[in-house]
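Structure first, commentary second.
The values are calculated or read from the model by the stated rules, or taken from the named source; none is laboratory data. These figures come from a predicted structure and were not determined experimentally. Every residue, glycine among them, receives a Cβ derived from its backbone with ideal geometry; neighbour counts consider all protein chains shown. We work out accessible area using only protein heavy atoms, side chains counted, and drop any ligands, DNA or RNA first. Shrake-Rupley method; radii C 1.70, N 1.55, O 1.52, S 1.80 Å.
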Amino acid sequence: MPTETLRPPGATLGAYQGCQYIGDGVTAEVYKSGKVALKVIVQTRNIEPHDPFREAKILRLLKKPCIPLLETFRDQQQRFVLVFPYMPVSLESLIARGPVSRNRIVSHFRDIFTALHYLHDQGIIHRDVKPSAVLLESPDGPAYLSDFGTAWHPELSAYTEPANEKVLDIGTGPYRSPEALFGNKAYDTGVDMWAAGAMLAECCRIPPRPLLESRPAQEEGNQLGLILSILKTIGSPTHEAWPEAVSFKTPPFEMYRTFEGRKWEDLLPDVEVEFRDIVASLVKYSSNSRISAFQVHTQ
């Protein structure tokens, strides 16, 4: 008779017993206990722009469809722990299953843009919008925007990151905006809108796949590779298309090669016009001309 595999008992975190490890990130490990998820901060030094204490303060100011913070505490090892409702699905895992239905795209992105409007209306920038940061109660939703570890707040972040001197190491892979890539430390909520547009394009494609190509962060040349992918996709920037870039420390206009942008009809040929128009209004160089989350939500 085969021996039954013995599973190790779950960890005890504060009052939560039987906590099962489910993943980790740059600064934290995540556990599940019943109907809650526990984010245990395991790295607190030299982690800017990550700040779990600022994250908790920001979360307490927010409401749905931003992920609700249930409580915080110190565990037996004095590690800071944030507690959230457990969500069994993410937009990332939903995309991995294959094509996403129109109804789900409409529902999930309505929630995403509602959350972004709520944030941006308070001057908060999420700075890491990506499919894994969108959590779902079920494949049909509702959707919640999560992962506020690198969020910027106009008051809570002002000391370490003045509005015109923000950290540039923000965003993830193919969702990073061109203004951050080209060194504009005065970026604003437009970085979130670019990421949301790239994410919407990914969900609409059949099969779902990123609009832009990006190597893993640890690979050499990943940033240059992403810049090249942007240039090949929407064309080289011009003074007319990106007027604010004239004042960048390194203006992006003198390139060794000029790329012609491709039409959105060719980039997203199988995507319905309504979605394609939203993507086109977000994935563009000038953050000043990207439509706002409120404008998308009310379309």
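Report the rotationally averaged projected area of the chain based on its alpha-carbon convex hull, in square nanometres.
That works out to 18.3 nm².
Which whole-number percent gives the relative contact order of segment 194-286, counting Cα pairs below 8 Å spaced six or more residues apart?
Working: 95 pairs, mean separation 33.7, N = 93.
Dividing the mean separation by the residue count of segment 194-286 yields 36 percent.
Among rounded, prolate and oblate, which fits segment 1-131 when a ≥ b ≥ c are the square roots of the eigenvalues of its C-alpha gyration tensor, a/c under 1.5 means rounded, and a/b larger than b/c means prolate? List each step's numbers first, then the result.
Values: a/c = 2.16, a/b = 1.22, b/c = 1.77.
Oblate, because a/c is 1.5 or more while a/b does not exceed b/c.
How big is Rg to Rh over segment 86-174, alpha-carbon atoms, Rh as the Kirkwood inverse-mean-distance radius? List each step's numbers first, then the result.
Details: Rg = 14.6 Å, Rh = 14.1 Å.
Looking at segment 86-174, the ratio lands at 1.03.
Dipole of the chain (Lys/Arg Cβ +1, Asp/Glu Cβ -1, origin at the Cα centre): which of Ile105, Phe294, Leu136 lies farthest to the positive side?
Leu136
What 222 nm value per residue comes from the helices of the chain, counting each DSSP H run with n ≥ 4 as -39,500 (n - 2.57) and dividing by all residues, nearest 500 deg cm²/dmol?
Dividing the helical sum by the residues of the chain leaves -8000 deg cm²/dmol.
Before anything else, pin down the relative contact order of the chain: Cα pairs under 8 Å, at least 6 apart, normalised by residue count, whole percent. Before the final figure, lay out each step's value.
Numbers: 502 pairs, mean separation 43.0, N = 299.
14 percent.
So, with a 1.4 angstrom probe, what is the percent of accessible area on segment 8-82 that is carbon and sulfur?
Numbers: 2100 of 4250 Å².
Within segment 8-82, the accessible surface is 49 percent carbon and sulfur.
Leaving out ligands and nucleic acids, and using a 1.4 Å probe, what accessible area per residue does segment 1-151 come to in Å²? Present the calculation step by step, with values, prior to reporting the outcome.
Values: 7790 Å² over 151 residues.
Result: 52 Å² of accessible area for each residue.
Search the structure for amide H atoms under 5 Å from the amide H of Ser90, placed 1.01 Å from N in the peptide plane, and list their residues when 5 or more places away or on another chain.
For Ser90, whose amide H was placed from the backbone, the distant partners under 5 Å are Leu136.
Hey, can you rank 177-190, 268-281 by average C-beta count inside 10 Å, highest first? Before the final figure, lay out the partial values.
Numbers: 177-190: 20.4, 268-281: 15.8.
Final packing ranking: 177-190, 268-281.
Take the Cα atoms of segment 147-299, build their convex hull, and give its volume per residue in Å³. Write out the running numbers ahead of the final one.
Values: hull volume 20.2 nm³, N = 153.
In segment 147-299, the Cα hull volume divided by residue count equals 132 Å³.
So what's the gap between the Cα centers of segment 152-226 and segment 60-101, to the nearest angstrom?
For segment 152-226 versus segment 60-101, the Cα centre distance is 21 Å.
Taking a cut-off of 19 Å, what percent of all Cα-Cα pairs in segment 153-221 are separated by more than that? Kindly include the intermediate steps, with their values, before the conclusion.
Working: 981 of 2346 pairs.
Result: 42 percent of Cα pairs exceed 19 Å.
Hey, which aspartates and glutamates would be in cross-link range of Lys57, C-alpha to C-alpha under 12 Å, not counting anything within fewer than 8 residues on its own chain?
Within the straight-line cut-off, Lys57 pairs with Glu71, Glu155.
Just to check I understand the Karplus step: with θ = phi - 60° and J = 6.51 cos²θ - 1.76 cosθ + 1.60, what whole-Hz values come out for segment 159-173, glycine and proline as x?
6, 7, 9, x, 3, 9, 9, 6, 5, 8, 7, 10, x, 10, x
Report the relative contact order of segment 1-129, percent, no decimals, based on alpha-carbon pairs under 8 angstrom and at least 6 residues apart.
Values: 139 pairs, mean separation 21.9, N = 129.
It comes to 17 percent, rounded to a whole number.
Which of the three applies to segment 222-299, rounded, prolate or oblate, going by the alpha-carbon gyration tensor with a ≥ b ≥ c and a/c under 1.5 meaning rounded?
Details: a/c = 2.36, a/b = 1.40, b/c = 1.68.
It comes out oblate by the Cα gyration axes.
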